Amino acid sequence: MFSEPEQIRKRKEEEDRIAAQNEFLNRSLRGSRKLQALESKPQGTINDAFAEDEGQESSRSATPAPGAEKELVHIAYGE
């Protein structure tokens, strides 16, 4: 179809076009008023329920402590 030098040239042109397009989009995004407003104002909240003091274990440990009591639950079906 195309000669090898022609394919290389077309590929290079396409890569340059995509790079220029990406650079333009990045600049326009960085300069947008909405993004600047988001960056200047802190967003979200801090959930203190998940904050733990150093040296204390979480009350929701993944493995139960040795000797921990287990609750037995009996379920009857079809009565």
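None of the figures in this text is laboratory data; all of them are computed from the coordinates on show. Being a predicted model, the structure only gives us computed values, none of them experimental.
Overview of values
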item	result
Additional length obtainable on full extension of the chain from K34 to Y77, 0.36 nm per residue less Cα span	9.6 nm
Extension gain, Q7 back to T45 (0.36 nm per residue minus Cα-Cα distance, nm)	8.3 nm
